[in-house]
Amino acid sequence: MQPPDRRRATLARVSYNGRMRVFELLEALEDVPGAEVKIRRGALNVHQPALGDTVILDPDDVTEAESVFVPTGEPAVQLEIRRGREILPLIVTTGDFVFTPAYADAVLAAGSQVLVPAMPSLVGYSEMHRDVRAFGKAMDEKGFEDQMLAATLIAHRCFLAGALRVGLWPVRVAAWWEYAHARVIRSVALPRFRADETWDDLMADVTEARQQTPSTSTS
């Protein structure tokens, strides 16, 4: 399905020292093979055709961009993104994005009591898509423990929340998460998630994408 994009046209700006200039960002990212980089309506767009997703950032929110080593040995650039008082890393690699998952406390309502598996410090977009899709497809199998189902679903929600924080809009991945969530809540009591307008917008795009392609399965 072709995902829509409900991201707000006006990106929130944060004032701080040490902002990068647009041409510096473009120069740094042009060395990453396959990444399509441009400035559109004042926003930095980095598209990965292999993923079907685009990072959209206010250039003023990027404090640093530098070449980094990745296991494949291919060129990669790490962006440091200002989010309030936090600096979040986003690594742009050949055909992928790598980012930090959100903490469970950031997605669960206050007072929630649930065990969540240890989070990786970084997760690749392609890895997130693969894991969430595999979990969704496994919903038709039996033998899963309730605690494992709940913990995995929450961990995947943390992956998605981390992607949203760095300017991604993973509609296809969220569609698989929604599918798994609908199956899990039939038999497992889940903690409440925090109210999140951005998440609601993403889910609205999932619904719209399903309506546009009713005969096509989630990819």
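Could you point to the residue in 32, 122, 67 farthest towards the positive end of the stretch 10-130's charge dipole, with +1 and -1 charges on the Cβ of Lys/Arg and Asp/Glu respectively?
Value: 122.
What nm value, rounded to one decimal, do you get for the distance between residue 201 and residue 63 when each label is placed 7 Å out toward the C-beta?
Taking the simple label geometry, residue 201 and residue 63 are separated by 2.4 nm.
Where the centre of each part is set by its Cα atoms, how far does the stretch 160-180 sit from the stretch 71-88, in angstrom?
Spelled out, the Cα-based centre of one part sits 19 Å from the other.
With charges set only on the Cβ (+1 for Lys and Arg, -1 for Asp and Glu), what does the dipole of the chain come to about its Cα centre, in debye to the nearest 20?
So the magnitude is around 620 debye.
Relative to the present Cα-Cα distance, how much length would full extension add between residue 36 and residue 210 at 0.36 nm per residue of separation?
On the way: separation 174, 0.36 × 174 = 62.64 nm, distance 2.67 nm.
The residue 36-residue 210 span can extend by a further 60.0 nm.
Counting only Cα atoms, I'd like the Rg/Rh figure for the chain, Kirkwood definition for Rh.
0.97
How big is D for the stretch 100-213, in µm² s⁻¹ as a whole number, if Stokes-Einstein is applied with the Kirkwood radius of its Cα pairs at 4 °C and 1.567 mPa s? Each step should come with its number before you reach the end.
On the way: Rh = 14.4 Å.
Value of D from the Cα-based Kirkwood radius: 90 µm²/s.
Checking the a/c ratio against 1.5 first, then a/b against b/c, what shape does the Cα gyration tensor give for the stretch 26-120?
Here the stretch 26-120 falls in the prolate category.
Just so you know, all these numbers are worked out from the coordinates, no wet-lab data involved. Treat the numbers as computed from the prediction; the structure is a model and nothing was measured. Here the Cβ is made from the backbone with ideal geometry for all residues, glycine too, and neighbour counts use every protein chain on show.
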